[in-house]
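Here is the structure we will look at, set down as structure tokens.
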Amino acid sequence: MSLHWIHVTASYALVCGGFLILAIATISRHAAAKRRLAQLDPRASRRAQEPS
């Protein structure tokens, strides 16, 4: 493998790793926002207490 392809492979791995990190951070932020919304939303507790 030439030096060029080593750099191409390393760059591809860094890009994929960067997108993976962004995806994990987004999932984490979404989960935190969902928990915070459940904590702040007064309707959520009322809906949980109402009989179906």
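Between residue 16 and residue 39, the FRET efficiency from the beta-carbon distance, with R0 = 35 Å, is close to 0.50.
Using R0 = 25 Å, the C-beta based FRET efficiency linking residue 31 and residue 9 works out to 0.15.
Bear in mind that the values in this text are calculations on the coordinates, not laboratory data. Quantities reported herein were computed from a predicted structural model and do not represent experimental measurements. Backbone-built Cβ (ideal geometry, glycine too); neighbour counts: all protein chains shown.
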